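The values are calculated or read from the model by the stated rules, or taken from the named source; none is laboratory data. Just so it is clear, the model here is predicted, and its values are computed rather than measured. Every residue, glycine as well, gets a Cβ built from its backbone with ideal geometry; the counts of neighbours run over all protein chains shown. These area figures cover heavy atoms from the full protein model, side chains too; ligands, DNA and RNA do not enter into them. Shrake-Rupley method; radii C 1.70, N 1.55, O 1.52, S 1.80 Å.
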Amino acid sequence: PVSEPDEPTRTGYSFNHWYVTDEKVTYDFSTPISGNLTLKASWSLNEYDVNFEENGGSEVTNSKVNHGEKITKPIDPTRVGYVFKGWYLNTTDTTTYDFSTPITGNITLTARWHEKHEVSFDSDGGTIIQPVMVEETMPVSEPDEPTRTGYSFNHWYVTDETVAYDFSTP
């Protein structure tokens, strides 16, 4: 008989066994050799887990992906009071995960969120201006000016009536 060699390696595949004519039948290395013999390797394409850590957001289904394939970007999760910023591979990443990247191992993608804040407008007797939700670190858009019979609108302010609010302020 011939001794069984070390298992070969192949990127993206797992070695199954050696065979002669039928890939489903493993070669028996205790069989005496009576002539030339070619053994073939049987391989399985690796399948990897792609897990989504929603970080408090709505559920996103995890996936299984074959080696070298890409995953489809899932629908963005939602979270009350927050804006979804994207999926990140590492906690230190500054850019979102590139879904055109071929998968070569198990990965976990983590959702990042920015908090939303409600900005309300007190028109001091003028027409009602509806509150808006604004993403943290973003400025609020200036609303249409309210109207009030007999008055001219001056500006919006926060604490000092003489200082107009700067709508470019995050």
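A few points about this structure:
- Criterion (under 30 Å from residue 17 (Cβ atoms), open to solvent by less than 60 Å² (accessible area, probe 1.4 Å) and of a type in the set (A, V, I, L, M, F, W, C)) met by exactly one of 129, 107: 107
- Residue match in segment 63-76 (condition: at negative phi, modelled with pLDDT under 95 and of a type outside the set (S, T, N, Q)): no
- Long-range neighbours under 8 Å by Cβ, at least six apart or interchain, first residue at pLDDT 95 or above and outside any loop (DSSP other than H, G, I, E, B) within segment 16-34, second among the charged types (D, E, K, R) and surrounded by fewer than 14 Cβ atoms within 10 Å (Cβ to Cβ): 18/4; 18/40; 19/40
- Count of segment 1-36 residues which are loosely packed, with under 11 Cβ neighbours inside 10 Å and in contact with a Ser or Thr (Cβ under 9 Å, 6 or more places away or on another chain): 3
- Candidate set from segment 35-54 (those that are part of a loop (DSSP other than H, G, I, E, B) and without any contact (Cβ under 8 Å) to a residue 40 or more places away in the chain); member that is nearest to residue 10 (Cα to Cα): 46
- Members of segment 113-132 that are in contact (Cβ under 8 Å) with a residue 24 or more places away in the chain and either closer than 30 Å to residue 76 by Cα or of a type outside the set (Gly, Ala, Ser) (or both): 113, 114, 115, 116, 121, 124
- Search result, residues across segment 55-94 that are more than 29 Å from residue 45 (Cβ to Cβ), free of Cβ contacts under 8 Å to residues at least 24 places away in the same chain and among the β-branched types (Val, Ile, Thr): 78, 80, 91, 92, 94
- Residue match in segment 114-124 (condition: open to solvent by 80 Å² or more (accessible area, probe 1.4 Å) and at positive phi): yes
- Those residues of segment 136-170 which are of a type in the set (Ser, Thr, Tyr) and open to solvent by less than 70 Å² (accessible area, probe 1.4 Å), in sequence order: 169
- For segment 83-104, filtered to residues that are within 9 Å of the chain's Cα centre (by Cα) and surrounded by 15 or more Cβ atoms within 10 Å (Cβ to Cβ), the residue that is farthest from residue 133 (Cα to Cα) is 89.
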